[in-house]
Amino acid sequence: MFRIKHFIEQSWLLVVSAFVFGLLIAVTNAALSGRITANDEDKLYNLMRGLIVDAKDFETVIKEAQIPGGKGKVNQTDIYRAIGSGERNAGFAFAAVGAGFADKIKLVIAVDGECEKFFGFKVLSSNETPGFGSRIKEDEFGGQFRGVPTGALEVIKTGDAEKIDSQIVAISGATVSSEAVVKIFNTYIGEIKRQLQEKGLIGNGK
Amino acid sequence: MANETSNSSVIGQTFIAGLWRENPVFRLLLGMCPTLAVTAAVKPALTMGLCVIFVLFCSNIVVSLMRNLLKPHLRILMFTLTISTFVTIADLFLKAFQPRMSETLGPYVPLIIVNCIIICRAEACASKNGLFISIVDAIGMGIGFTATLCVLAGIRELLSTGAIFEIQILPLGETGGWFVPWAAMSMPVGAFITLGLLLGLVNIISRRKT
């Protein structure tokens, strides 16, 4: 009995505070979560619109597609279909994630309506080194992916960055970040293509 | 009358302490993580400063109100619980109303939880003083921290981009001007150099004053 009394005397403030503070956070979260989700969606849709210029709207064609990420890890992503003028299929887009130099890099990747060529990518979030790895956001690097056939890509340290092929010239001083972006492409594209084919959205089944 | 004068003098001194004599960055060398990490430009530095003011203000109020109920061995736990609550709220507000800034600041807003300034003020001031002094201390320390961050960020942004608050001040070489951006100032090395020089300057000024 004495022990219980002692425990209550010592910890009542902590227990009450934890409850009150928890409630405060829950209320704030409930009030703001809708807005936060809308902000995230807005950003994703704006980036997808920037990549697929013909897109009038987007629809989710595969929800929570499972993408094996190596070492038994599985990533989940939604695959969106871009609807162009006259309900035409203007392309597909999806969010992709992978390890960068400093932190995870999240990209939005877009491909054409047959999933044969990349439209390119935009960076959803990254914390790469300013002035070096952060240059993955620049068009000088990102432009190399535009129009490239959707196969395996490789990183080279020197070469012609304007040539449209599967060889991506790394950013000088940011080889790790450049390789990380290419690795994200290689991890996702094969599986995305397979799942789109399986659903009959591209290829013969369309 | 004498009592009133001494009270207002204590309040004034508490407020000014955070601005100069006990400035968290220049004199106490606290909160170095955000000081170095978010001062590449003035906007994120100001946002970080405002977040710290909010958290410091709220946590000092709560700690001051519960100071007589605190058990000595549980006080750090209580401070951390209080601070983390207000940091989480500040982070949610930033994500909802300033999503771009929230992204720019990245993990440094949640890291306010372990910012020594806040726990230091809870321990040194709010847990020992009444509500009013704790509020004045929070505002003084918060403004002192924010001002320091903005000065540091202003110098770095100006030298790395020729702009302050994203307003171009120095004419860039690529547009026919004379200024060549100093990219190193936007990187961690720029933060260390600027902070070191400012600390030296503050020490020289303080020595001359004494």
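Yes or no: the range B:76-97 includes at least one residue that is touching an Asp or Glu at 6+ places or on another chain (Cβ under 8 Å) and surrounded by 20 or more Cβ atoms within 10 Å (Cβ to Cβ).
Yes, that holds for at least one residue.
Need the failing condition index for residue A:105 against (1) crowded, with 20+ Cβ neighbours inside 10 Å; (2) closer than 22 Å to residue A:199 by Cβ, just the number.
(2)
Please specify each residue of the range B:65-81 satisfying the condition of being in a helix (DSSP H, G or I), facing chain A (nearest Cβ under 7 Å) and either under 14 Å from residue A:9 (Cα atoms) or in contact (Cβ under 8 Å) with a residue 24 or more places away in the chain (or both).
Passing the criteria: only B:74.
The conditions are (1) of a type outside the set (A, V, I, L, M, F, W, C); (2) surrounded by 13 or more Cβ atoms within 10 Å (Cβ to Cβ); (3) within 12 Å of chain B (Cβ to nearest Cβ); (4) not in a strand (DSSP E or B), and residue A:6 fails exactly one of them. Which is it?
(2)
Can you go through A:112, A:103 and tell me which one is among the acidic types (Asp, Glu) and within 11 Å of chain B (Cβ to nearest Cβ)?
Numbers: A:112 fails: within 11 Å of chain B (Cβ to nearest Cβ).
Answer to the check: A:103.
Exactly one condition in (1) touching a Lys or Arg at 6+ places or on another chain (Cβ under 7 Å); (2) surrounded by fewer than 18 Cβ atoms within 10 Å (Cβ to Cβ) is not met by residue A:158; state its number.
(1)
Of everything in the range B:163-184, what is assigned to a loop (DSSP other than H, G, I, E, B), within 20 Å of residue B:151 (Cβ to Cβ) and without any contact (Cβ under 8 Å) to a residue 12 or more places away in the chain? Give them in sequence order.
Passing the criteria: only B:169.
Got a number for residues in the range B:199-210 being in a helix (DSSP H, G or I) and either of a type outside the set (A, V, I, L, M) or over 23 Å from the mean Cα position of the chain (by Cα) (or both)?
6
All but one of (1) under 20 Å from residue A:29 (Cα atoms); (2) within 11 Å of another protein chain (Cβ to nearest Cβ) hold for residue B:51; which doesn't?
Condition (2) is where residue B:51 drops out.
If residue A:181 satisfies all but one of (1) over 20 Å from the mean Cα position of the chain (by Cα); (2) of a type in the set (Val, Ile, Thr); (3) at pLDDT 90 or above, what's the number of the condition it fails?
(1) is the only condition that residue A:181 fails.
Considering the range A:30-85 alone, what residues qualify as being within 12 Å of chain B (Cβ to nearest Cβ) and of a type in the set (Val, Ile, Thr)?
A:36, A:37
Give me a count of the residues in the range A:17-29 that are surrounded by 14 or more Cβ atoms within 10 Å (Cβ to Cβ) and more than 9 Å from chain B (Cβ to nearest Cβ).
Summing the residues that are surrounded by 14 or more Cβ atoms within 10 Å (Cβ to Cβ) and more than 9 Å from chain B (Cβ to nearest Cβ) in the range A:17-29 gives 0.
Does at least one position in the range A:172-189 carry a residue that is free of Cβ contacts under 8 Å to residues at least 60 places away in the same chain, acidic (Asp, Glu), closer than 21 Å to residue A:55 by Cβ and part of a helix (DSSP H, G or I)?
Taking the range A:172-189 and keeping what is free of Cβ contacts under 8 Å to residues at least 60 places away in the same chain, we get A:172-173, A:175, A:178-179, A:182, A:186.
Checking which are acidic (Asp, Glu) leaves us with A:179.
Restricting the remaining residues to those that are closer than 21 Å to residue A:55 by Cβ gives none.
So far as the range A:172-189 goes, no, none of its residues is free of Cβ contacts under 8 Å to residues at least 60 places away in the same chain, acidic (Asp, Glu), closer than 21 Å to residue A:55 by Cβ and part of a helix (DSSP H, G or I).
Please specify each residue of the range B:2-41 satisfying the condition of being on the phi > 0 side of the Ramachandran plot and either among the aromatic types (Phe, Trp, Tyr) or at pLDDT below 85 (or both).
Step one: filter the range B:2-41 for residues on the phi > 0 side of the Ramachandran plot, giving B:29, B:31.
Of everything in the range B:2-41, nothing turns out to be on the phi > 0 side of the Ramachandran plot and either among the aromatic types (Phe, Trp, Tyr) or at pLDDT below 85 (or both).
Of everything in the range B:185-198 that's part of a helix (DSSP H, G or I) and at pLDDT below 90, which residue is nearest to the other protein chains (Cβ to nearest Cβ)? Full working, then the answer.
Start the filter on the range B:185-198 by keeping residues that are part of a helix (DSSP H, G or I), which leaves B:185-186, B:188-198.
From what is left, the residues that are at pLDDT below 90 are B:186, B:188.
Details: B:186: 5, B:188: 9 Å.
Across the range B:185-198, the extreme among qualifying residues is B:186.
Out of A:25, A:52, A:36, which single residue is under 30 Å from residue B:101 (Cβ atoms) and touching a Gly at 6+ places or on another chain (Cβ under 9 Å)? Walk me through how you get there before you give the answer.
Values: A:25 fails: touching a Gly at 6+ places or on another chain (Cβ under 9 Å); A:36 fails: touching a Gly at 6+ places or on another chain (Cβ under 9 Å).
Only one candidate passes the filter, namely A:52.
Need the failing condition index for residue A:146 against (1) modelled with pLDDT of 90 or more; (2) exposed (fewer than 14 other Cβ atoms within 10 Å of the Cβ); (3) charged (D, E, K, R), just the number.
For residue A:146, the exception is condition (2).
Which residues, taken from the range A:139-171, are hydrophobic (A, V, I, L, M, F, W, C) and within 12 Å of residue A:117 (Cβ to Cβ)?
First, the residues of the range A:139-171 that are hydrophobic (A, V, I, L, M, F, W, C): A:141, A:145, A:148, A:152-153, A:155-156, A:161, A:164, A:168-171.
Correct list: A:145, A:148, A:164.
With respect to residue B:142, is the statement that it is in contact with a helix residue (DSSP H, G or I) (Cβ under 7 Å, 6 or more places away or on another chain) and at pLDDT 95 or above true? Please lay out each step first, then the result.
Details: in contact with a helix residue (DSSP H, G or I) (Cβ under 7 Å, 6 or more places away or on another chain): yes; at pLDDT 95 or above: yes.
The answer is yes for residue B:142.
Quick one: which residue in A:159, A:147, A:143, A:120 is in contact with a strand residue (DSSP E or B) (Cβ under 8 Å, 6 or more places away or on another chain), away from chain B (no Cβ under 14 Å) and assigned to a helix (DSSP H, G or I)? Quick ask: steps written out before the conclusion?
On the way: A:159 fails: assigned to a helix (DSSP H, G or I); A:147 fails: assigned to a helix (DSSP H, G or I); A:120 fails: assigned to a helix (DSSP H, G or I).
Sole residue among the options that is in contact with a strand residue (DSSP E or B) (Cβ under 8 Å, 6 or more places away or on another chain), away from chain B (no Cβ under 14 Å) and assigned to a helix (DSSP H, G or I): A:143.
Looking only at the range B:28-43, how many residues end up being assigned to a helix (DSSP H, G or I) and within 12 Å of chain A (Cβ to nearest Cβ)? Talk me through it step by step, then tell me what you get.
Applying the first criterion (assigned to a helix (DSSP H, G or I)) to the range B:28-43 yields B:32-37, B:42-43.
Applying the additional criterion that residues be within 12 Å of chain A (Cβ to nearest Cβ) yields B:37.
Number of matching residues: 1.
The values are calculated or read from the model by the stated rules, or taken from the named source; none is laboratory data. Values in this document were obtained by computation on a predicted structure and should not be read as measured data. Reconstructed Cβ throughout: ideal geometry from the backbone, glycine too, with neighbour counts over all protein chains shown.
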